[in-house]
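**Q** I'd like to ask you about the structure that follows.
The values are calculated or read from the model by the stated rules, or taken from the named source; none is laboratory data. If you're wondering where the values come from, they're calculated on a predicted model, not measured in any experiment. Glycine gets a Cβ as well: all are built from the backbone with ideal geometry, and neighbour counts include every protein chain shown.
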Amino acid sequence: MRQGQIPVHRENEIITKSGMPRQVKWTNTLLHGVDDKVIGTTGIGEDITDQKRTEQLLIQGERLKAIGDLAGGVAHNFNNLLQMVMGGIDLALIDMEMGDQIESKKTLQRVLESAKFGAETVRRLQSFAQVRAETQPSGSNVFDLSATVHDAIEMTKPLWKGEPEKAGIRIALNSDLAEGCLVSAKESEIFEVLVNLVKNAAEALTRGGNIWIKTSIQDDQVILWVMDDGMGIRSENLKKVFEPFWTTKGVSVGTGMGLAVSHGIINRHGGTISVESEEGKNTTFTIRLPLAKEPKETVTRSAETILRLKLNVLVIDDMIPIVMLMKQILTRHEQTVFSATSGEDALEIFRNNKIDLVISDLGMPGMNGWEVGKAVRTICQERGIPKTPFILLTGWGEQTLEQEKIVESGVDAVVTKPLNIGRLMLTISDVIETFSKKVQTNEPI
């Protein structure tokens with residue numbers, strides 16, 4: 001009998017007798033008899049729980065370090081955005097005083113677009129800072145990779161321009177981005193890969209140089225190249241670059257997890273990532289992702305559909321300006337609004353009035369949004385009535401992934417701040433419509 005030469009590795013989670021989850025790495029090897037037939041297998045299990053925890057902590061640390069490195073560029077972008085917003089509002093006020101409503105409206109629309117761009121920048125940073133060990137990409141959507149690359153180039157300016165120039169190092173970043181490079185993926189994760197690759201290229205240019213980023217479509221694939229003319233990688237090290245904890249830069253620069261994480265992200269999205277390098281000359285990372293089809297156009301419902309609903313709405317937020325804004329919006333849509341700046345006051349209003357919909361902020365002193373949702377559900381159960389529809393507002397991002405909390409707290413929808421008025425009104429309409437259908441068909445609420 002002889003043992004097979006190629007072991008097979010796999011990982012899974014087990015529950016111990018004490019009820020504690022543990023991560024185990026299994027190594028299985030085939031056993032062969034004298035006639036070379038397989039007669040069995042041998043397996044060894046290794047507890048890698050602590051290793052996985054350490055990896056996740058290092059990944060989180062590296063992401064937060066990258067966010068710190070990007071902070072200067074983000075602050076610069078936000079100063080520009082604030083200048084556009086403040087200057088635009090001043091201009092719009094002047095136009096209104098002069099009676100030019102058309103120009104005033106155009107200016108305010110530009111201000112709104114600037115604010116939306118700022119909100120998207122915050123969302124990207126929030127997503128980038130998230131640490132989740134997912135086996136499948138969630139929240140995927142079809143987007144143009146070239147547009148995301150453009151955003152990543154702007155966001156990473158501190159890495160390849162700001163910090164190097166402070167040290168007297170000049171790096172030029174050149175891009176050649178094709179149109180229509182549609183991919184179906186979780187954009188925040190692909191954005192993270194792009195940041196990792198740009199950061200890696202900039203760190204290789206210790207004496208300055210060039211970074212090239214190119215996208216194209218070949219057959220049914222979208223191709224991304226990130227190239228630099230830096231120090232290169234030794235041939236014996238090429239096969240190690242995607243291994244966790246492997247780095248030649250030292251712990252002061254990185255933990256060696258960025259490329260490993262990028263490799264996992266691209267694999268989860270059905271793509272490949274590879275590297276070619278010539279020591280002392282250049283390095284090229286190549287990513288291939290499946291080309292996605294143009295998403296089908298959906299019929300966009302107007303926010304005016306909310307006008308047919310006449311509701312008693314309870315709005316809860318500890319920020320008085322937000323409460324006032326929400327009240328003005330809903331009142332103009334002919335809704336009756338009750339308001340509170342704390343969860344405790346809101347529950348008192350809920351007990352003493354007929355409320356058709358609750359809209360609550362998540363982060364508040366005292367009771368948070370999750371706790372308010374639970375309390376509303378409990379009050380409804382005590383009264384023997386269907387649970388009142390509940391919408392959660394949050395500025396923290398990614399709360400839609402908290403499925404257990406959403407179910408436990410009776411949350412029907414999550415809307416992220418800053419609020420898009422049209423999206424909020426359509427969300428209200430959808431939640432009430434779903435609620436009404438469930439009541440008519442006696443479905444659980």
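**Q** Report the residue count in region 184-224 for those that are part of a loop (DSSP other than H, G, I, E, B) and more than 28 Å from residue 295 (Cα to Cα).
**A** Of the residues in region 184-224, the ones part of a loop (DSSP other than H, G, I, E, B) are 186, 205-208, 219-220.
With the extra rule that they be more than 28 Å from residue 295 (Cα to Cα), the set shrinks to 205-208.
So the answer is 4.
**Q** Which residues, counting only those in region 148-183, are closer than 14 Å to residue 289 by Cβ and surrounded by fewer than 18 Cβ atoms within 10 Å (Cβ to Cβ)? Before the answer, list the steps.
**A** Pass one, region 148-183, residues closer than 14 Å to residue 289 by Cβ: 148-149, 178, 180-183.
Correct list: 178, 180.
**Q** Look through 376, 337 and report the one residue that is on the phi < 0 side of the Ramachandran plot, assigned to a strand (DSSP E or B) and not polar (S, T, N, Q). I'd like the intermediate steps shown before the answer.
**A** Values: 376 fails: assigned to a strand (DSSP E or B).
Unique residue meeting the criteria: 337.
**Q** Could I ask something else about it? Can residue 209 be described as surrounded by 18 or more Cβ atoms within 10 Å (Cβ to Cβ), farther than 15 Å from residue 262 by Cβ and not acidic (Asp, Glu)?
**A** On the way: surrounded by 18 or more Cβ atoms within 10 Å (Cβ to Cβ): yes; farther than 15 Å from residue 262 by Cβ: yes; not acidic (Asp, Glu): yes.
It is true that residue 209 is surrounded by 18 or more Cβ atoms within 10 Å (Cβ to Cβ), farther than 15 Å from residue 262 by Cβ and not acidic (Asp, Glu).
**Q** Quick one: which of 347, 330 is under 17 Å from residue 428 (Cα atoms), in contact with a helix residue (DSSP H, G or I) (Cβ under 9 Å, 6 or more places away or on another chain) and not hydroxyl-bearing (Ser, Thr, Tyr)?
**A** Numbers: 347 fails: under 17 Å from residue 428 (Cα atoms).
Criteria check complete, one pass: 330.
**Q** Hey, among the residues in region 212-229 that are over 25 Å from the mean Cα position of the chain (by Cα) and not β-branched (Val, Ile, Thr), which one's surrounded by the fewest Cβ atoms within 10 Å (Cβ to Cβ)? Before you say what the answer is, go through the steps one by one.
**A** Just the residues of region 212-229 that are over 25 Å from the mean Cα position of the chain (by Cα), to begin with: 212, 217-220, 227-229.
Going one step further and asking which of them are not β-branched (Val, Ile, Thr), we end up with 212, 218-220, 227-229.
Details: 212: 17, 218: 9, 219: 6, 220: 8, 227: 20, 228: 28, 229: 18.
Among residues in region 212-229 that are over 25 Å from the mean Cα position of the chain (by Cα) and not β-branched (Val, Ile, Thr), the one surrounded by the fewest Cβ atoms within 10 Å (Cβ to Cβ) is 219.
**Q** With the condition kept exactly as written, say whether any residue in region 103-112 is at pLDDT 75 or above, over 17 Å from residue 226 (Cβ atoms), outside the structural domain of residue 189 (by TED's automatic domain parsing) and among the hydroxyl-bearing types (Ser, Thr, Tyr). Lay out the reasoning, then the answer.
**A** The initial filter retains those residues of region 103-112 that are at pLDDT 75 or above, namely 103-112.
Then keep just the ones that are over 17 Å from residue 226 (Cβ atoms); that gives 103-112.
Cutting the leftovers down to outside the structural domain of residue 189 (by TED's automatic domain parsing) gives us 103-112.
Still in the running and among the hydroxyl-bearing types (Ser, Thr, Tyr): 104, 107.
Within region 103-112, one or more residues are at pLDDT 75 or above, over 17 Å from residue 226 (Cβ atoms), outside the structural domain of residue 189 (by TED's automatic domain parsing) and among the hydroxyl-bearing types (Ser, Thr, Tyr).
**Q** Next question. Here's a check for you: in region 238-295, which residue that is of a type in the set (D, E, K, R) and under 23 Å from the mean Cα position of the chain (by Cα) is modelled with the highest pLDDT? Don't jump to the end; show me each part of the working.
**A** First, the residues of region 238-295 that are of a type in the set (D, E, K, R): 239-240, 243, 249, 268, 276, 278-279, 281, 288, 293-294.
If we keep only those that are under 23 Å from the mean Cα position of the chain (by Cα) as well, we get 268, 288, 293-294.
Values: 268: 87, 288: 96, 293: 88, 294: 83.
Applying the filter and picking the extreme gives 288.
**Q** Cβ-Cβ below 7 Å, separation at least six or inter-chain, first residue in region 165-176 and assigned by TED's automatic domain parsing to the domain that holds residue 231 and at negative phi, second at pLDDT 90 or above and polar (S, T, N, Q): which pairs?
**A** 172/210; 174/210
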